[in-house]
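The values are calculated or read from the model by the stated rules, or taken from the named source; none is laboratory data. Keep in mind it's a predicted model, so treat the numbers as computed, not measured. Don't worry about glycine lacking a Cβ; one is built from the backbone with ideal geometry, like all the others, and counts go over all protein chains shown.
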Amino acid sequence: MVMHHIPVCPFSQRVEILLALKGLGDAVEFRVVDITKPRGPVVHELTKGTNALPVVEVPGRTPIKESLVILEMIEGMYPEPPVARTDPHEHALESLMVAQQGEFVAAGYSMVLNQDPRKAGDHRERLLASYRAMNDVLVGYAPGDTFFFDRFGWAEVVFTPMFMRFWFLDYYEDFVLPQAPDYERVRRWREACLAEPVAQQVDFEQIVKLYYDYAKGAGNGALPSGRQRSSFAFEPHWRDRPMPPGDKYGRSATDAELGLV
Ligand SMILES: N[C@@H](CCC(=O)N[C@@H](CS)C(=O)NCC(=O)O)C(=O)O
C-alpha cells in the first residue's frame, strides 16, 4: 500500500502510530506531499476531489481516505497484534472516547486560527468543555487508571497526535488545563499519551514553528498576508529556524524573522 501524507499532519500520524504499534513499518510506503504547493492531479484523483490527506492506495482496489477509516482498515488487514479491543463491548467503550475527537479537533483548530482577541475566551471555553466531556467519558467508561484500558491502545492512537498539535495552543494561546477535578482524569490520560515512546514522530519545537501560519489565521499551507514562504516549507529545516514570536495577536513576523529565507 502507498500512503500519501503531509509529514506533520496529525491525521497521518495516527496511521504512523498504528503501524508502529503493529511493527508494520514496511507494510505501507509513505509518499510525502508538500502542503505549500497545489495538491496536483494524483492526490485530486485518489481523494475524488476532496484533497485532504492521508489517502491510501490499496493495490487493485479503491483508495481509502479519512484517517479513522484507514485505521479500521489496517486493524482489519493486520489483526496481530490487536490495537483495538477484540471484544465488541470493549471496542464500543473505546469508541465512545473516539466519538469525542471531532469536537476536540474542531475546538483546538478554531482556537489556533482565531484572529480576534475578543473571541479568545469563547474559544478557550469551547476547548475546556471538550476536555470536560472527554474527562466524563474516561471517568464513566474507561476501565484503565491511566490509559483507557491497561495500555496505549485504540483511543490513544486517535487522540495523541491531537494532543501534540495542540502544543500550538500552549505556545500561542497560553493554554493550560486548569488544576481542577473536572480535568484530572483527562490530564493523566493526556500526559501518558504524550510520553508514549511509539508516538514520538513530532516534537514541540517542530509543531510550534511549522504551525506559525495557523496561529496567524492561515491553515493548510495558505500564506498569511505579506509573506512569501509558508511556515510549513521543507527548507530551511525547522531546526535551523528561530522560535516564532508567541504573541499571535500582535505584529506578524516576516519571512526573514521566521528564518524562512
Ligand atoms: N477528516 C480527515 C482530515 C484530514 C485533513 O484535514 N488533513 C489535512 C492535513 S493535516 C489536509 O490534507 N489538508 C489539506 C487540504 O485539505 O487540502 C481525516 O481524518 O483524515
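Computed values, structure above
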quantity: Which numbered condition Ala107 misses (of (1) in contact (Cβ under 8 Å) with a residue 24 or more places away in the chain; (2) closer than 22 Å to Tyr172 by Cβ; (3) touching a Leu at 6+ places or on another chain (Cβ under 8 Å)); calculated: (1)
quantity: Counted residues, segment 135-145 - those being farther than 20 Å from Val176 by Cα and either touching a Gly at 6+ places or on another chain (Cβ under 9 Å) or outside any helix (DSSP H, G or I) (or both); calculated: 4
quantity: Candidate set from segment 156-189 (those that are touching a Leu at 6+ places or on another chain (Cβ under 8 Å) and among the basic types (Lys, Arg)); member that is nearest to Tyr141 (Cα to Cα); calculated: Arg185
quantity: Lys209 vs. criteria under 30 Å from Leu21 (Cα atoms) and not assigned by TED's automatic domain parsing to the domain that holds Ser110; calculated: yes
quantity: In segment 39-71, the residues that are among the acidic types (Asp, Glu), away from the ligand (no atom under 13 Å from the Cβ) and in contact with a helix residue (DSSP H, G or I) (Cβ under 9 Å, 6 or more places away or on another chain); calculated: Glu57
quantity: Lone unmet requirement of (1) under 22 Å from the mean Cα position of the chain (by Cα); (2) not in a loop (DSSP other than H, G, I, E, B) for Phe149; calculated: (2)
quantity: Qualifying residue in segment 29-37 (condition: under 17 Å from Phe149 (Cα atoms), crowded, with 18+ Cβ neighbours inside 10 Å and not assigned by TED's automatic domain parsing to the domain that holds Arg126); calculated: no
quantity: Gly221, sole failed condition from (1) at pLDDT below 95; (2) closer than 25 Å to Ala133 by Cβ; calculated: (2)
quantity: Answer from Ala218, Ala192 - the residue that is assigned by TED's automatic domain parsing to the domain that holds Val139, of a type in the set (A, V, I, L, M) and either in a helix (DSSP H, G or I) or surrounded by 15 or more Cβ atoms within 10 Å (Cβ to Cβ) (or both); calculated: Ala192
quantity: Candidates Val176, Val158 - the one that is under 18 Å from Leu96 (Cβ atoms), assigned by TED's automatic domain parsing to the domain that holds Gln101 and of a type in the set (Val, Ile, Thr); calculated: Val158
quantity: Pairs with Cβ under 7 Å, 6+ apart, first in segment 56-79 and farther than 16 Å from Val42 by Cα and of a type in the set (Phe, Trp, Tyr), second outside any loop (DSSP other than H, G, I, E, B) and within 12 Å of the ligand (Cβ to nearest atom); calculated: none
quantity: The listed residue being surrounded by fewer than 16 Cβ atoms within 10 Å (Cβ to Cβ), in contact (Cβ under 8 Å) with a residue 40 or more places away in the chain and part of a helix (DSSP H, G or I), out of Arg118, Arg132, Arg124; calculated: Arg132
